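Step one of this worksheet: look at the structure below.
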Amino acid sequence: MSALWESPFFGVTLTILAYWAGCKIQKRTGLVICNGLVLAVVMIIAVLAVFDIPYAAYNAGGSLINLFLGPATVCLAVTIYAQIDLLKKNLLPILAGCAAGAVTSVLSIWGLCRLFGLDRTLTVSLLPKSVTTPIATAIAEGQGGIVSITVAAVIFTGILGNLCAPALARLFRVKDPVAAGLAIGACSHAMGTARALELGETEGAMSGLAIGLCGIATTILALFFGVLV
């Protein structure tokens with residue numbers, strides 16, 4: 001039996017089936033809390049726990065899916081290009097908004113880490129939590145952080161943004177699709193962008209653009225992490 005889950009195909013198959021089941025449940029229930037990604041994570045953890053499957057065995061296949069994170073992020077350029085005229089028209093506000101989003105994210109996490117007395121390793125692991133996984137893990141690893149904590153923080157942030165972004169946009173009466181898209185992408189990267197695409201093409205394009213710009217801004221800010229922590 002152990003030969004089954006030691007195969008890389010086990011991790012890939014389990015991940016795909018869990019996500020498929022999660023999306024089916026979300027579609028059938030229509031509940032915001034029944035997010036497909038959240039349900040997939042819960043189901044995978046349950047399977048590993050019930051059958052006492054080591055995480056390393058699952059990750060032999062699960063890591064193959066991680067290889068697509070970078071290309072999937074780059075593919076967002078197609079949506080951005082479709083809105084190139086809108087991008088040119090709002091270039092300065094877009095750059096300012098993404099810079100503000102990146103700085104706010106880093107400083108808010110730094111403040112909370114100081115408030116709760118977290119050490120340097122945990123702090124640098126959490127600081128890049130609002131950018132996409134490939135960039136966040138590279139920053140955390142380069143600063144001596146714990147990559148697994150960074151990944152968990154990025155996923156939690158993305159799920160939270162995916163769930164709450166539309167409600168927050170309505171609460172604060174953000175009606176401009178450019179502003180809404182930038183806010184979602186700056187806060188919750190690819191998972192938020194998936195939700196932004198459901199709101200509209202412009203929201204999705206601006207959210208995808210925010211992923212890249214905020215990633216660049218956070219990478220620059222990472223040069224000063226040593227001063228902050």
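The values are calculated or read from the model by the stated rules, or taken from the named source; none is laboratory data. Quick caveat, the model's predicted, so the values are computed rather than measured. Don't worry about glycine lacking a Cβ; one is built from the backbone with ideal geometry, like all the others, and counts go over all protein chains shown. Heavy atoms of the whole protein, side chains included, go into the accessibility calculation; ligands, DNA and RNA do not. Shrake-Rupley method; radii C 1.70, N 1.55, O 1.52, S 1.80 Å.
Some notes on this structure:
- The accessible surface of the chain, taken with every protein chain in place and a 1.4 Å probe, is 72 percent carbon and sulfur.
- Extreme residue, positive dipole direction of region 117-178, given options Ile155, Ser130, Ala167 (C-beta unit charges): Ala167
- Membrane-span-like helices in the chain (whole DSSP H runs, Cα extent of at least 18 Å along the helix axis, mean Kyte-Doolittle hydropathy of at least -0.5): 8-29, 36-50, 69-82, 91-115, 147-171, 201-221.
- The chain, helix-only ellipticity at 222 nm - DSSP H runs n ≥ 4, -39,500 (n - 2.57), divided by all residues, nearest 500: -26500 deg cm²/dmol
- Spin-label pair Ala82/Glu141, simplified geometry with 7 Å Cα→Cβ offset, distance in nm: 3.3
- Straight-distance crosslink candidates among lysines, where the alpha carbon sits under 21 Å from Lys88 and sequence neighbours closer than 8 are dropped: Lys175
- For region 188-229: rounded, prolate or oblate by the Cα gyration tensor [a/c cutoff 1.5]: prolate
- Counting only residues at least eight positions apart within a chain, or on another chain, the aspartates and glutamates with an alpha carbon under 14 Å from that of Lys129 are Glu141.
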